[in-house]
1. Roughly speaking, what is the stretch gain from residue 303 to residue 353, that is 0.36 nm per residue apart minus the C-alpha to C-alpha distance, in nm to one decimal?
2. Around residue 36, with a cut-off of 13 angstrom between Cβ atoms, what is the net charge of the other residues, counting Lys and Arg +1 and Asp and Glu -1?
3. Using modelled backbone amide H atoms (1.01 Å from N, in-plane), which distant-in-sequence or interchain residues come within less than 5 Å of residue 120's amide H?
4. Dipole magnitude of the chain about its Cα centre, charges +1 at Lys/Arg Cβ and -1 at Asp/Glu Cβ only, in debye to the nearest 20?
5. Pop a pseudo-label 7 angstrom from the Cα along the beta-carbon direction at both residue 372 and residue 210 and give the gap in nm to one decimal.
6. In whole percent, how big is the carbon plus sulfur part of the accessible area of the range 313-394, probe 1.4 Å, protein atoms only?
7. How large a share of the accessible area of the range 80-120, in percent, is made up of carbon and sulfur atoms when the probe is 1.4 Å and the other protein chains stay in place?
8. In nm, to one decimal, how far is the residue 76 label point from the residue 361 one, both placed 7 Å along Cα→Cβ?
Amino acid sequence: MNGADTAWIIVATALVLFMSLPGLALFYGGLVRARNVLSVFMHVYSIACVMSVLWLAVGYSIAFGPGESGFWGGLDRAFLNGVNPDTLFGSLPEVLFFAFQMTFAIITPALIVGAYVERIGYGFVLLFSGLWMLAVYAPVVHWIWGGGLLSDGGIFGDIGVRDFAGGIVVHETAGLAALILAVLLGARRNRTTPPHNPGMVMIGAGMLWVGWFGFNGGSQLAADGGAAMAITVTHISAAAASITWGLWEKVKYGKASLVGIVTGTIAGLASITPASGFVGPVAALIIGSVAGILCQEAVNLIRNKARVDDTLDVFAVHGVGGIFGTIMIIFFGSGVSALAQFGGLAVVGIYTCVLTVVIAKLVGLVTPLRVDAETEVTGLDITVHGERAYDITS
């Protein structure tokens with residue numbers, strides 16, 4: 001065990017959890033109407049709780065178990081069987097590696113929340129998220145990070161997929177699942193209401209930005225120069241994408257908005273995530289600069305031209321950003337296989353789409369996908385959870 005590595009990953013684990021609680025919850029919560037903000041908080045918070053238990057039960061074993069199958073890791077590590085404080089994963093206590101990866105298993109299904117806010121059933125969210133994490137996310141983790149079929153020596157040969165911190169594993173899977181659920185749900189009855197609290201959105205985005213240092217820097221799994229570079233390029237990409245998003249808004253609409261510039265931040269962060277361990281600051285500047293415009297145009301394409309109500313633009317920002325960053329590794333990284341990068345995106349994309357549809361349909365047989373019209377109009381906070389976020393008479 002290396003003490004410095006262990007100390008850094010303990011901090012990184014806290015930072016990644018901070019991304020979900022409260023960062024993502026505040027970012028998404030500020031973007032919806034006031035009558036639905038608590039439902040967003042409930043979705044993210046509940047997902048964090050349920051995913052933690054499922055990751056302990058079987059998720060970690062599916063992803064990182066010692067099974068020889070290229071598809072999954074087996075169940076030998078279920079409930080951390082065989083893991084004690086002295087068991088090592090590289091230079092780290094394995095229980096710490098488990099905890100660090102658990103925070104990724106929390107935020108990935110939580111990202112999908114942005115696609116279905118203001119109209120989805122609470123029971124559906126919990127059941128779908130749990131099954132999706134186990135059937136989609138955990139196997140994909142094994143394929144790329146756990147020595148499975150997309151890693152070195154897998155189906156693409158000696159050089160497998162390069163995905164440093166989750167462009168495919170986190171952002172592509174969550175983005176595609178979000179797009180599919182948005183299509184299955186249909187649009188909200190009122191799509192024109194603006195975000196109820198842009199200030200909350202900015203605070204959440206700021207928390208995500210800070211937490212992303214643990215997300216990308218922690219993925220080095222060591223306290224070294226590689227982690228420092230990952231943090232640096234993460235910051236540069238986020239800053240560049242924020243600037244270009246705002247400038248592109250100014251060119252197109254005459255004004256740069258707060259919600260726009262912080263959405264650009266997230267686009268830059270998502271885009272650099274897969275490349276953060278393989279590129280330098282100049283490449284990060286280019287990736288972020290392009291991402292700010294690319295993801296904004298993806299928002300326009302999906303929201304206004306395709307008329308898909310991916311409410312908080314999960315696919316356009318996270319999905320497109322993660323896919324873009326994964327491809328950019330080919331141009332700015334070294335020793336990378338273009339076949340593996342594009343092939344990995346295709347294999348994971350097809351698998352995610354098929355399994356997401358199957359899981360959604362199966363869960364829909366048990367609990368309704370969408371709330372009724374009266375509940376949607378009144379708001380999910382008071383009708384589903386019996387609470388209001390704001391009481392102006394108190």
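The values are calculated or read from the model by the stated rules, or taken from the named source; none is laboratory data. None of these values were measured; they are calculated from a predicted model. Backbone-built Cβ (ideal geometry, glycine too); neighbour counts: all protein chains shown. Side chains included, ligands, DNA and RNA excluded: accessible areas come from the protein's heavy atoms. Shrake-Rupley method; radii C 1.70, N 1.55, O 1.52, S 1.80 Å.
1. 16.1 nm
2. With Lys, Arg at +1 and Asp, Glu at -1, the net is +2.
3. Long-range HN contacts for residue 120: 371.
4. Computed charge dipole of the chain: roughly 1200 debye.
5. Reported label-point gap for residue 372 and residue 210 is 4.4 nm.
6. Roughly 67 percent of what the probe reaches on the range 313-394 is carbon or sulfur.
7. Ligands and nucleic acids excluded, carbon and sulfur reach 61 percent.
8. Rounded to a tenth, the inter-label distance reads 3.6 nm.
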